[in-house]
Every structure is written in C-alpha cells, then in structure tokens.
1. Any idea which of (1) within 15 Å of the ligand (Cβ to nearest atom); (2) under 26 Å from Leu325 (Cβ atoms); (3) β-branched (Val, Ile, Thr) is the one Val184 doesn't satisfy?
2. Just a yes or no: is a residue in segment 189-207 under 21 Å from Pro290 (Cβ atoms), more than 26 Å from the chain's Cα centre (by Cα) and in contact (Cβ under 8 Å) with a residue 40 or more places away in the chain?
3. Considering only residues that are part of a helix (DSSP H, G or I) and among the acidic types (Asp, Glu), which ones fall in segment 233-251?
4. Here's a check for you: in segment 355-394, which residue that is in contact (Cβ under 8 Å) with a residue 24 or more places away in the chain and more than 24 Å from the chain's Cα centre (by Cα) is least open to solvent (accessible area, probe 1.4 Å)?
5. Does segment 273-294 contain at least one residue that is farther than 30 Å from Ile11 by Cα, exposed (fewer than 15 other Cβ atoms within 10 Å of the Cβ) and in the same structural domain as Pro202 (by TED's automatic domain parsing)?
6. Answer with yes or no whether Ser303 is assigned to a helix (DSSP H, G or I) and more than 27 Å from Ile332 (Cβ to Cβ).
7. What number of residues in segment 69-101 are assigned to a strand (DSSP E or B) and within 21 Å of Val178 (Cβ to Cβ)?
8. Got a number for residues in segment 58-69 being open to solvent by 20 Å² or more (accessible area, probe 1.4 Å) and in contact (Cβ under 8 Å) with a residue 24 or more places away in the chain?
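The values are calculated or read from the model by the stated rules, or taken from the named source; none is laboratory data. These numbers were taken from a predicted model, which means no experiment stands behind them. Counting neighbours? That spans all protein chains shown, and the Cβs are built from the backbone with ideal geometry, glycine included. We work out accessible area using only protein heavy atoms, side chains counted, and drop any ligands, DNA or RNA first. Shrake-Rupley method; radii C 1.70, N 1.55, O 1.52, S 1.80 Å.
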Amino acid sequence: MNDLSYFVRKIFDYDDFVLDSIKKVYDDKIFDVLYSLTRPSSRLYLRVNLLRSSVNDVVREIREEGYEVFRDELLEEAVYFRVEGPNKVDGSGLRVVVDKRAAESVLMGSNLYAPGVVYCERSIEKGSSVSIYSENNILLADGEALISCEEALRIRRGIFVKVYKSLFKAPPIRDLRVWERGLVYPQSLPSMIVSRLLDPRPGEVIVDMCAAPGGKTSHIYELSRGEAVIYAFDHSKKRIEEMISNLRRLGHDKINIIHGDSRYISIDHPYIKADKILLDPPCTSTGVRPKIYDHKTGDELRSLVKYQEQFIREAHRILRKGGVLIYSTCSITYDENEGLIKKFLDEKLFEEVDPEKIFREIYRIGERGADDIGVRFSPLKDLPGHYVIVLIKR
Ligand code: SAM
C-alpha cells in the first residue's frame, strides 16, 4: 500500500487487513475511493414525507426560506441542496480543537457547540476570532467565539463558536421549517433506494432488525402508506429515544417499536413471522463521508462480520419461506458485504433477487457488486459508499 499518499494516510488509519478488504472491490482505485471519502458528496439529500406534504410544497417552502433546492431525477420523494466547497479557510484565528463528531458538522458549516471542544487557547474571549481544527490537525473553519474558552470548558453546553467560513457549506437542515414540521427527513440517496427495494405493501409484516434512528423505518412506513405491520427493533435505549422523537415529528404513529436484541427475536417474540425484513446492521461505516479521520483494524472488521452473520441467521429463522431479506451496509469492505453474503448463498439459505425487477433504474446510480453479488453505490460516483442486496428465503 506504499502508493497511498501522505494525505490519505493521515486520515485513514486502516491496517492491511482492512485495506485488503477494500482492495478486493476497488483494486487499484482504492486511493481514489479513499480520497473521495474525505469530501462530502456534492448533493445533500432530504426525503420528503409524502404522507404529509408534496414535493412541490416542500420545495416552495424551502425556497421561501432563501435556500436553493432541487428535485432529484431518480426518486420522486428526494430533493437535494448543492454543497458548496471546498472553500478557502483563513486559519489566522486563535486555536480551537474539536472531537470527531463536532469536526464532521463544523466542516459542513455548523456552529461549534461547547461539548465538542477538546482544546482551546485560554486567551479566547467573547468576540475573539478563532480557527477550528480537527484532532489530526485539519483546518475546518473560522469563526467568532460567543463565550470565552474558559466558560466553554466549564459549562459544556450551548454554542461556543459561530462559524462564518468552513471548508464546505450546506444549509442547516434542523433549522428549516419543513424539518421542524416533520415534512422531511435527511437521508442519502442509497439509503432511500434500500427501502424502495424492500417494496413495502399494505398488510405485510415487516421487521426492521436494526432500526434506530428510524431513517429507513420511516421511509418504509411512508411507502406502505402507513398500512404495513412494522416491527422496529433496536437494542440501544438512547437511539430508540431518538427514533421515537423522529417518528413523532414525522407523524408516524403506527409502528411497533421494540427495545431488544434482534438476534433473538425468534425466542423473545415467537409470534413474529415476517414477510419482509430489513437488516441494516452495525458496520465499519467505511462508506460514510466526509471523513476527517478514521481508525479501523482487521480485528474490529472480523468481529463485526461475525455479528452481522448472527443477524442474518436470525432473519432466516423469523422469515416465512419465500420472504424477502434486504441486507444493507454503509461499508465499502468486501468482508461485510459480498464476502458475508456469499456464505449464505453457498449454504443455499437464500438466493438473490434481481434488483432491477423491483427498482428498474437502480443501475443508473448503482453498480454490480464484486463476484456479481448485490449492488454497490460507489464513492467514485459522488455518492456515499453503500451496499445492498435483495435476498429471498429458500
Ligand atoms: N437503519 C437505521 C436507519 O436507517 O436509520 C440505521 C441503523 S444503524 C446502521 C445500526 C443500528 O443497529 C444501531 O442503531 C444499533 O443500536 C443497532 N443494533 C446494534 N446491535 C443490535 C442488536 N443486537 N439488536 C438490535 N439492534 C442493534
């Protein structure tokens, strides 16, 4: 891997096992793939909640707030903003260093909240000009301190820096009226296609095994016009709470939300027999962009694959014969995607369904996965890296 440039190495701390797993798919394009992941896609997508509004009304409302927004060419429920950048950031202010989470939002132009601060120069007072850096020393933004450094570290809440210039810039979605009123949900295009591939119909029993914070669950609800019987599982209490608040905001009140470990649904909830399952399990998130830095080891990757395998085995148990399993990840490795699924195809537990039969235009933005298994959305096509496959229980 000697040809990975200094820049990419500074951001991606991946060991050889992880790099090889990505290389199995992207081969000599791995450098370009990793480099593209350091930037956001040029479009920031929202899904319109068609149960509550229309795309025309949402577009009109957003434009009234002063933002330019466009309809997507492929999905009628999708609209997008253009992301500005990369912009030139000056870097002449007093130094503030932020954690990864804060860095990822400041990079896109969000203000800096006090809990994200890792370090700040003690001389920073209210009104000081500051420059914000990530922990691996990437200059993200310039701004003005609204409180002193000392206060930010002491009270640990509220806005510390009002950002006026950032590397990239996108509208603040959560400040939009349409967000507040539950008319939109921020979601990438590949994620929207995942729920489209599930093709939810009224009356079907659908299990979302890893549902929080509810992005795909809420889309499934909308596509079935609120008439599918949906069980949404998650084992994180905090994330379930976030999902409840998202679903409430969207007005989706007929979803069975279950706090529990979905690897044991057949034992804990033996009454559930699914027509369709969505499995969007924890993964390395290696396809998520933009990345400021990321650390992954082969041990972490192997243990995630074992975890993912357990969910698929449980999905097989609770699915009726001929039922559909959609498996999706926001990872670009081979092992979590084609490598894992191949095992189940070889064991003849599932077979693949041609995704074009469900969503005819899928290859306008997706491409066939490695070994001809599933569909990939490539960072080289200005998308987040994503994988999805439609399986049927044999
Ligand atoms: N599908 C979600 C969406 O579109 O908004 C994102 C799901 S996220 C990739 C994976 C989720 O799996 C996390 O919310 C995590 O808490 C949940 N999870 C991890 N292990 C689990 C388990 N054993 N049982 C149920 N949920 C689990």
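1. So the condition that Val184 fails would be (2).
2. For segment 189-207, residues under 21 Å from Pro290 (Cβ atoms), more than 26 Å from the chain's Cα centre (by Cα) and in contact (Cβ under 8 Å) with a residue 40 or more places away in the chain: absent.
3. Taking segment 233-251 as the starting set, the residues that turn out to be part of a helix (DSSP H, G or I) are 237-250.
Across segment 233-251, the qualifying residues are Glu241, Glu242.
4. Looking at the filtered set, the residue picked out is Lys393.
5. Taking every residue of segment 273-294 in turn, at least one turns out to be farther than 30 Å from Ile11 by Cα, exposed (fewer than 15 other Cβ atoms within 10 Å of the Cβ) and in the same structural domain as Pro202 (by TED's automatic domain parsing).
6. no
7. 8
8. Taking segment 58-69 and keeping what is open to solvent by 20 Å² or more (accessible area, probe 1.4 Å), we get 60-61, 63-68.
Going one step further and asking which of them are in contact (Cβ under 8 Å) with a residue 24 or more places away in the chain, we end up with 61, 65, 67.
The qualifying residues number 3.
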